[in-house]
């Protein structure tokens, strides 16, 4: 087995172990009735609003793929891009190692629609860059506006937090500058990558930032039902949780997201709000994505069989 494969599985096992420990640490003090009672205390209005923010977030996520498809110079229609994006990310974000799991699903769909391996790799890469740009931008904003909460969690001085926030925004500005001025291609192994145009790079920043802002809004809705939670603090908690998820590689951020948000928000993050957010943003989309993937796969197979039958008939007639 290759070293890279061993490393991938090793990280997955470590992530699962960490997730299990954190979930036990968070939920062990609650009974099932405590959890269900806490969830039931969230008003229907807040749950519906959180669902609306989640829907808007997944629409933004289709923009990640749209940028990638346009980057490789393909004019694939938006409905197909949206279908591939939703299925791959609704499943990949919950399964974990989203770059690999969602990348495999993306390849299945985009290859079916005529793209080669290099194009799909570039789409996945650009989507990952869009994630980084959106997270860096929102991180920079919340750390500059709300340095006290981040400083408490990171155990740093506010000056250091402000410096980190500034560095995040500067890195985004540097990416935009490269998109504007750097035209020399970047070579990675056998593939060559060109910087996107400034217009496309700006779209990445805007779409990525709005996506993370929407997810933070969904989190704020489920927490705001039990406590007076400001959007800025909820966004700070979500940004720090995502940084922790990237570091730990926990599948879907399971346990890590809940533990980080609980650490930042304290009692303002009720056990019910954490469960509700996990269900709304991860489990419900995955519950839609899996059967949708099965339906699309059945359609692909039926069309392939029909095409094969047509060819066979034409050969007989010929």
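Per-structure values
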{"read-out": "Matching entry among 84, 121 (being surrounded by fewer than 22 Cβ atoms within 10 Å (Cβ to Cβ) and within 26 Å of residue 290 (Cβ to Cβ))", "value": "121"}
{"read-out": "Test: residue in the range 51-70 that is more than 30 Å from residue 225 (Cβ to Cβ), surrounded by fewer than 21 Cβ atoms within 10 Å (Cβ to Cβ) and at pLDDT below 90", "value": "no"}
{"read-out": "Qualifying helices (runs of 4 or more DSSP H) (wholly inside the range 109-221; at least 1 residues being at pLDDT 90 or above)", "value": "117-145, 158-181"}
{"read-out": "Which listed residue is modelled with pLDDT under 85, surrounded by 19 or more Cβ atoms within 10 Å (Cβ to Cβ) and either under 21 Å from residue 154 (Cα atoms) or touching a helix residue (DSSP H, G or I) at 6+ places or on another chain (Cβ under 8 Å) (or both), from 229, 247", "value": "229"}
{"read-out": "Any hit, the range 219-237, residues being within 16 Å of residue 140 (Cβ to Cβ) and over 19 Å from the mean Cα position of the chain (by Cα)", "value": "yes"}
{"read-out": "Neighbours by Cβ (under 7 Å, 6+ apart or cross-chain): first from the range 32-53, without any contact (Cβ under 8 Å) to a residue 60 or more places away in the chain; second assigned to a helix (DSSP H, G or I) and surrounded by 14 or more Cβ atoms within 10 Å (Cβ to Cβ)", "value": "none"}
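The values are calculated or read from the model by the stated rules, or taken from the named source; none is laboratory data. Remember, predicted model here, so these are calculated numbers, not experimental data. Glycine also receives a Cβ, built like all others from the backbone with ideal geometry; neighbour counts cover every protein chain displayed.
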